[in-house]
Structure formats: structure tokens, C-alpha cells
Amino acid sequence: MTDVEIEIENAAIAKEYKELLKISYTTLTQDDKKLIRRAFDIAVDAHKEQRRKSGEAYIFHPIAVAKIVASEIGLDATSIAAALLHDVVEDNPDYTIDDIEQLFGETVARIVDGLTKISSLKKDMDVSMQAENFRKMLLTLHDDVRVIIIKIADRLHNMQTMASMRPDKQVKIASETLYIYAPLAHRIGLYNIKTELEDLGLKYTEPEVYNDILLKMKESKEEQDLYIKKISGVLKTSLDKEGLNYDIKGRPKSIFSIRRKMIKQGVSFDEVYDKFAVRIIYKSDIENEKFLAWKIYSIVTDHFRPNPIRLRDWISSPKSTGYEALHITVMGPKGRWVEVQIRSERMNEVAEKGYAAHYKYKQGKENEDSLDAWINKLQEALENPSSNAVDFVEEFKLNLYAKEIFVFTPKGDLKSLPKGATPLDFAFSIHTEVGLKTRGARVNGKLVPLSHELLSGDQVDILTSDKAKPNANWLDYATTARARSKIKSSLKDEKKVIAEDGKEILRRKLKQLKITLNESTINELVNHFKLKTSLDLFYRVGISTIDNKMLKDFAASRSNAFVSYFKNKIRKPSSAPDIDKDEITAKYDMLVFGKEEEKLNYKLSNCCNPIPGDTVFGFLTINEGIKVHKKNCPNALSLQSNYAYRIIQAKWIDSSQQEFTAIIKMTGIDNLGLVNDVTKVISDNMHVNMKNLSFDTDDGVFSGKITVVVKTNNHVRKLMDRIKKINGIEKVFRV
């Protein structure tokens with residue numbers, strides 16, 4: 001770099017630093033500014049030799065993360081300093097955690113240490129490194145929630161500046177983001193950041209879909225602005241008459257949420273009815289907040305008819321993230337549904353800043369802090385993490401995006417649980433001992449099974465007994481991570497107790513057969529009975545599923561035990577039935593893998609049934625070789641995030657000879673000759689053979705399902721386009 005370029009870059013760094021101080025949400029004291037300045041100087045020194053993939057100086061990254069922490073999340077000076085220093089220890093061996101502690105104190109050092117631990121991963125190929133990484137990250141939560149918040153800010157900036165990365169890296173990082181970071185941001189109450197992470201995640205995992213929706217949203221922006229103006233015009237007079245101080249804003253829904261609606265409801269972009277929301281933000285003191293919210297609600301519903309089942313009252317019962325608002329869906333002008341969100345300025349700040357605003361306004365209030373309560377719940381789920389990190393993350397993730405329901409205890413206290421929770425989840429949320437001793441439950445005074453799904457407003461009474469204990473079926477009834485981990489732990493403990501007795505019983509029985517119980521014998525028995533561990537063996541003896549006769553058979557076959565032991569070792573277990581290769585593909589030149597475009601053996605996954613022309617990737621399984629999945633397969637995010645090192649690039653190269661099965665569904669209005677028209681279109685289409693056909697009509701509504709055999713997805717697309725043109729057909733989609 002020339003001297004002039006260095007000078008320009010230094011000026012840009014100084015400008016970014018000044019802006020960081022200016023945009024801070026909290027008021028910075030002189031001491032705060034000194035702390036941030038020291039952190040900035042150390043970060044500049046530690047990263048002076050580093051550059052990012054884009055070519056810019058690395059220091060721009062920690063400053064950008066600190067800016068997100070300062071303005072978008074609104075944390076304090078300690079967090080801003082920690083954000084500036086978050087990569088120092090990891091990237092520069094001259095600085096240690098002890099150095100950071102001496103320079104900045106214990107709190108900053110603890111946060112930086114937490115962030116460093118998350119990044120430094122053991123290269124352990126047996127278990128997904130990414131899942132192990134998430135587990136470490138969640139374990140740091142209890143030390144200081146700021147660790148996770150800065151990690152989310154770090155991830156947001158990485159997502160914003162990912163354009164210069166390799167495409168496979170982009171997909172891995174974006175999948176990880178959608179899989180865990182966006183749900184985490186949602187759970188902590190950082191809704192704005194969650195939305196941006198989701199949109200950026202979609203931009204890199206499904207670029208065509210993202211760009212298509214983005215373009216359509218830009219095209220309809222003018223129309224939306226006019227629509228919001230019309231609503232504001234109607235409400236303004238009545239709101240002004242009441243002397244309210246307010247602001248009405250339009251808020252377009254995120255690209256990701258529109259995409260999710262399109263998939264969930266099987267509709268096109270134009271058919272998504274609530275693509276934007278109207279937000280009314282009013283000024284109020286704490287005492288009159290609720291009163292004014294309901295006053296505005298009554299004004300809105302005076303002018304626009306509300307949808308009675310779409311009222312969300314998070315003012316009386318705030319979400320566990322601290323979110324408060326009234327959401328109503330009303331029939332707006334031109335007969336279109338529109339969501340209206342009513343929030344005070346305080347509620348709006350809590351919604352946008354989450355954690356920081358929650359603390360700013362909490363002073364002097366005695367309510368239990370919901371974020372702390374959530375962290376305590378989470379900590380209990382982490383006490384007994386399952387041995388498999390991926391299972392743990394999958395289970396934990398269930399509770400991240402879960403919608404909340406509110407149920408009452410017998411004394412009338414309010415408890416929040418995820419949607420779909422059962423009385424068992426409720427029991428464990430009260431106390432582990434209550435959960436473990438559950439005998440039954442009453443909901444609204446009636447006895448219900450433990451699998452009963454609770455609804456908001458239910459009053460739940462748990463019946464306990466000292467003799468009751470968990471059984472394996474409970475895992476089918478429990479949905480929360482906490483309840484599941486406690487049940488698993490209890491079952492495991494019980495299994496160990498039975499296994500200890502089983503070991504002694506086995507020792508006695510083998511002694512009668514003149515066999516000594518030692519490590520070698522245990523290995524032979526485990527292989528003979530096709531079990532996984534010695535614990536399984538002792539447990540089965542303990543509960544008598546391995547009896548005397550079976551042990552005598554083992555003793556008789558022992559002369560061949562050595563041979564059978566090796567046979568068992570060599571034989572690979574198969575967890576799923578083999579798909580007949582001849583049925584799926586007669587030749588293997590359809591798909592090529594990796595950069596070298598090699599032709600390898602593969603199987604098509606049953607979860608998404610890819611056909612030639614679909615964008616796909618290969619996944620290296622443990623027992624079944626390469627399995628091919630569609631890029632938008634329901635399991636794609638989890639695989640790309642947790643097992644990125646097992647993902648292989650794949651693409652179709654020659655699909656002219658092979659035929660594949662596709663299922664098409666359609667709905668419409670039944671009329672005379674409709675079935676005839678559909679079958680005619682299929683039979684006239686020379687590239688398609690019909691394999692299966694079923695039609696159903698119900699009170700004038702027509703639905704049909706066709707299984708066709710095609711060569712590529714172009715043929716399916718053409719067929720669907722032709723079916724769409726038939727009079728009476730409303731919707732056509734591929735399953």
C-alpha cells in the first residue's frame with residue numbers, strides 16, 4: 001500500500017471510531033469513553049497485520065460489531081469495549097486473557113474469554129464441530145448473556161460482508177445463521193437483528209427466491225405507501241381528537257417471513273395477504289400506558305372491522321423476552337386484511353433493543369426479569385446435556401422459535417410455556433421433583449392424559465405420587481428441552497441401577513456355564529446380542545430380556561465366537577432399507593460430485609425425492625454412502641449447519657435417459673368435465689407418463705393428486721403450467 005492509501009485508510013478508521021461514540025444508545029461518561037478508547041487502541045495494534053477477504057483492514061470488523069452492540073442492541077461501554085476486543089486473544093498470540101484482565105478488568109476479560117472459547121474449536125470429527133460449538137456457546141450464557149449478544153452482533157456483520165467469500169462457505173455460514181443464530185436473536189428479544197439475519201440467510205441459501213421476492217416488494221412499495229397513507233388519513237382525525245401524541249408507520253414484512261408464508265400456505269407472492277403491518281407508536285407515562293393502548297385499539301376498531309381470532313394481547317401478558325404490544329388484524333380499505341401493532345415508545349424500544357431497553361426501564365419495578373428467568377431455565381436444560389451435541393442442539397432449538405401460551409397454576413399464577421406444551425412440560429417448569437413424581441393432571445378441573453396439548457388460559461393442576469416415576473413414553477409427551485433432559489437423565493439413572501444388578505446376575509449365570517465375566521467376554525456378548533454397549537447388555541439381563549436359554553445358546557456357539565466377532569465387526573449396520581438402485585437409476589452418470597465432477601455411487605434421499613434439474617447437494621452418511629438432497633429440503637439447514645464437513649457439491653449433468661417420479665397436487669372449483677380436461681392435458685404431454693391418479697370433490701371444491709414419471713423438472717414445470725390454464729383450476733404445486 002502507498003503512503004497515501006494508508007493515510008486514507010487511517011482517516012476512515014478514525015471516522016468509524018468517532019461515529020461509534022456518537023451512535024451509542026446509552027449515555028457515555030468520560031470514564032466510558034476512556035475505556036472504549038483503550039480497547040480501540042489495543043484492537044488496532046493487535047489486528048494491524050490482518051486484512052479481511054475483501055481486502056480491507058481487519059480492524060473495520062471489530063468496530064462494526066461494536067457499532068451494532070452500541071446502537072442496534074444498545075449495550076453499555078463494557079460491552080462496546082468487549083466487542084472491540086472480541087478477536088484480539090484469538091488472532092494475536094501477544095495478547096492473553098490475563099493481559100485483557102489487567103488492562104480492562106474482570107468483566108471485560110470474562111466476556112472476551114467466553115467469545116474466544118466459542119471460536120477455538122477442537123477438530124473432533126466424530127461429532128459435529130458446529131453443534132459442539134453451539135453447545136459451548138449456550139454454556140457461556142449463564143456466565144454473561146453479553147457473550148451471546150456480542151456473538152450475534154459478530155455474526156450479523158459477517159453476514160452483511162459475506163459477498164467476497166466462496167459460495168460453499170456462504171451456504172455453510174448462512175445455514176448456521178438460519179439454524180441457530182436467528183432463533184437465538186428471536187429468543188433474546190432482538191427482533192430487528194433476527195429479521196436481518198433471516199433475510200441475509202435466505203439471500204445466500206436460496207438466492208433466486210430472495211431476489212425474486214425483493215424485486216416484487218420494490219415494485220409494490222409505492223402501492224403499499226399509498227395504502228398506509230389511506231389508513232393513516234382515516235385514523236388521524238379520531239386520534240388527534242383524543243389529544244394523543246403518536247406516530248403511524250408502515251412496516252413491510254421481511255422477505256424471509258413472506259417466503260415462509262408462501263411455503264406454509266402454498267400461495268404465490270401476490271396471494272400473501274399481509275405483506276406489511278401498520279405500527280402506531282404513542283407517547284405515554286408508565287401509569288397510562290395500558291389505558292391509552294386500549295383507547296387506540298377502540299379507535300382503530302371503530303373505523304376498521306377486526307378479525308376476532310387475530311387479537312394478540314401482549315400488554316396484559318408480556319412475552320418472556322419482555323415484548324409488549326397489542327396486535328390486531330383489521331379489514332382495511334379495498335377489502336384487504338392488515339395487521340395493526342399498537343405500542344408505547346417504551347414498548348417500542350424494548351421490542352427493538354430487547355435486553356438493554358428492558359434494563360433501562362426496569363429500574364424501580366419489581367417484576368421478575370424475564371431474560372434472567374429464561375437463562376435459569378436454559379441452565380437447567382444444560383445441566384444434563386445429551387452425549388450427542390447435534391441431538392442437544394436440535395432439542396434446544398425446538399424452544400427457540402416456539403410461540404408462547406399462558407397457563408395458570410391452581411393458585412392463579414401465570415406461567416408461560418411454548419405452544420404445544422403438555423401437562424408434563426408444565427410440571428417440570430414448576431420444579432424437577434414435581435415433574436418426576438407426576439401421576440396425572442387436571443386441566444380446568446378435568447382429568448386429562450399427560451399427552452394433552454395445553455391452550456392459553458388453561459388452569460393446570462398436577463397430581464403427584466411418591467411412587468410415580470418417569471417411563472420411556474414420557475419422551476413422546478414432553479416437548480420442552482428442560483422436561484426432556486430431566487426425563488432422559490432419570491431414565492438413564494434407573495437403567496444404571498438395573499444394569500448394576502444385571503451385571504451380578506450375569507456373572508453368576510456365566511459361572512454356572514464355566515465362563516468368566518471379563519472384558520473379552522463382555523465384548524463377545526455385546527456383539528453376539530447385536531447391542532451397542534455393555535450397559536445395554538447388563539440392563540437386558542437385569543430386566544430378563546436376555547434369559548438362561550439365550551446365554552446357553554451363546555455358550556454353545558462360543559467355539560465360533562472369534563469368527564463371528566470379526567464378521568460382526570466387518571458387517572456394516574444399515575439404519576434404513578436400501579433403495580433399489582436399478583429402480584432409481586440405471587447408470588451413475590446423472591450426478592457428478594465435487595469440484596472434479598467425479599461420478600460416484602449415491603442414493604436419493606427419501607425426505608425430499610430430488611429429480612434431475614433440481615438444485616442438489618451430496619451428504620456423506622456414516623452407513624449409506626452419499627445421499628443426495630434438494631437444496632430446499634426440510635433437513636438441508638440442519639445438515640449444512642451441523643455437518644458442513646460432510647457436504648459435497650453435486651449437480652446433474654446428463655438426465656436424458658433416466659425417468660423419475662414426481663407428485664403434483666391441484667385444487668380448484670369443481671365443474672363438469674374438469675377431470676377430463678386434466679387427464680387430457682397429461683396424456684397430450686409427450687414427455688410425461690401417468691403412474692397414479694386420484695381426484696376428490698367436496699361441496700364444489702375440487703382437489704387432485706397425480707403421480708407422473710418424467711425425465712427432468714422442466715417437464716414437470718411445463719405440465720403444471722398447462723394444468724394451471726384449465727378453467728376451474730386455482731392452484732397447482734409439486735409435493
Against the condition surrounded by fewer than 15 Cβ atoms within 10 Å (Cβ to Cβ), part of a strand (DSSP E or B) and of a type outside the set (D, E, K, R), how does Leu693 come out, does it pass?
yes
Only one of (1) modelled with pLDDT of 80 or more; (2) polar (S, T, N, Q); (3) more than 27 Å from the chain's Cα centre (by Cα) does not apply to Ser317, and that is (3)
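Confirm whether Asp99 is without any contact (Cβ under 8 Å) to a residue 24 or more places away in the chain, part of a helix (DSSP H, G or I), among the charged types (D, E, K, R) and more than 25 Å from Arg155 (Cβ to Cβ). Spell out how you get there, then give the answer.
Details: without any contact (Cβ under 8 Å) to a residue 24 or more places away in the chain: yes; part of a helix (DSSP H, G or I): yes; among the charged types (D, E, K, R): yes; more than 25 Å from Arg155 (Cβ to Cβ): yes.
Yes: the conditions hold for Asp99.
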Could you list all residues from segment 406-448 that are within 15 Å of Ala478 (Cα to Cα) and assigned to a helix (DSSP H, G or I)?
Pro423, Leu424, Asp425, Phe426, Ala427, Phe428, Ser429, Ile430, Thr432, Val434, Gly435, Leu436
Any residue at all in segment 52-59 that is in a helix (DSSP H, G or I), within 16 Å of Ile13 (Cβ to Cβ) and modelled with pLDDT of 90 or more?
no
Could you list, in sequence order, all residues of segment 325-350 that are more than 15 Å from Tyr273 (Cβ to Cβ) and at pLDDT below 90?
Glu349, Val350
Does Ala64 fit the bill of being more than 23 Å from Met165 (Cβ to Cβ) and crowded, with 18+ Cβ neighbours inside 10 Å?
no
Is there a residue in segment 712-719 that is hydrophobic (A, V, I, L, M, F, W, C) and more than 20 Å from Asn609 (Cα to Cα)?
no
When residues of segment 259-293 are limited to those that are under 20 Å from Glu730 (Cβ atoms) and of a type in the set (A, V, I, L, M), the one nearest to the chain's Cα centre (by Cα):
Ile263
If you take the residues in segment 80-95 that are modelled with pLDDT of 90 or more and out of contact with any Ser or Thr (no Cβ under 9 Å at 6 or more places or on another chain), which one is farthest from Tyr25 (Cα to Cα)?
Leu85
Before we move on, is Thr479 among the β-branched types (Val, Ile, Thr), part of a loop (DSSP other than H, G, I, E, B) and either at pLDDT 85 or above or under 37 Å from the mean Cα position of the chain (by Cα) (or both)?
yes
I'd like to verify a number: residues in segment 60-96 that are of a type in the set (A, V, I, L, M), under 26 Å from the mean Cα position of the chain (by Cα) and in a loop (DSSP other than H, G, I, E, B), how many?
2
Given the residues Leu517, Leu491, Leu513, which is the only one that is surrounded by fewer than 18 Cβ atoms within 10 Å (Cβ to Cβ) and either in the same structural domain as His431 (by TED's automatic domain parsing) or under 41 Å from the mean Cα position of the chain (by Cα) (or both)?
Leu491
Identify, by number, the condition in (1) among the polar types (S, T, N, Q); (2) within 30 Å of Glu208 (Cα to Cα); (3) in a loop (DSSP other than H, G, I, E, B) that Ser257 doesn't meet.
(3)
Do you know which residues across segment 183-206 are under 14 Å from the mean Cα position of the chain (by Cα), under 12 Å from Ile152 (Cα atoms) and without any contact (Cβ under 8 Å) to a residue 60 or more places away in the chain?
Ala185, Lys194, Leu197
Sort out which residues of segment 147-195 are within 23 Å of Pro318 (Cα to Cα) and part of a loop (DSSP other than H, G, I, E, B), and write them in order of number.
Gly189, Leu190
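The values are calculated or read from the model by the stated rules, or taken from the named source; none is laboratory data. This one's a predicted model, so the numbers in the text were calculated from it and none came from an experiment. Positions of Cβ are generated from backbone atoms using ideal geometry, with glycine treated the same way; all protein chains shown enter the neighbour counts.
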